Amino acid sequence: MTVPDPDRFGAEDVLLDIEPRNRRELLEILAAAAAPRCHVGEEAILEALLAREALGSTALGRGIAMPHAQITGAGSPAVLLARLRRPIDFEARDDEPVDLAILLVWPAEMRAGLLGRMGEIAQGLRDPVLLRRLRRAGTAEEVAALLNDATARPEATGDPDRN
């Protein structure tokens, strides 16, 4: 079994056209998908995600949310993208319902890595063309390739000018 790379998306990290009825149900689906990746029970992940959401919505605006949690004892990070068939309310500041959610579950012991990865993903998601392509992509492989292109680190691409 290979260890997931939190810096790269694979097709197995993409959930397409899921149908949660609300934010809690979305977080339940994401927690269940992340649990085997980070070797933590889905209840522990869900509790951590709900605690984070209680501090304020993780919606970024423009239909995107980035729920995240640090979990003590998690064996490895998990980064997933979920595309929803129908947008749901996520209490976003711009009042836009969410149809794209990027989940990050991170071992508490690797504290520094979470903020860096969140920043890379958020920066990539600023591109309206990318968002349109993510929403129209036909396969998980296509979504993963789009995300990897948009969030590649400069040292990984060989392009010193890429931020």
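The values are calculated or read from the model by the stated rules, or taken from the named source; none is laboratory data. These numbers come from a predicted model, not from an experiment. The area values use the complete protein model at the heavy-atom level, side chains included, leaving out ligands, DNA and RNA. Shrake-Rupley method; radii C 1.70, N 1.55, O 1.52, S 1.80 Å.
Points to keep in mind about this one:
- With only the Cα atoms considered, the range 47-110 has a convex hull volume of 84 Å³ per residue.
- Sorting ARG86, ARG21, ARG126 by solvent-accessible area of protein heavy atoms yields ARG21, ARG126, ARG86, largest first, with a 1.4 Å probe.
- Relative contact order (%) - criterion: Cα under 8 Å, at least six apart; region: the range 64-122: 44
- Under a Gaussian network description of the chain, with springs only between Cα atoms under 10 Å, the residue in GLU47, GLU25, GLU96 that fluctuates furthest is GLU25.
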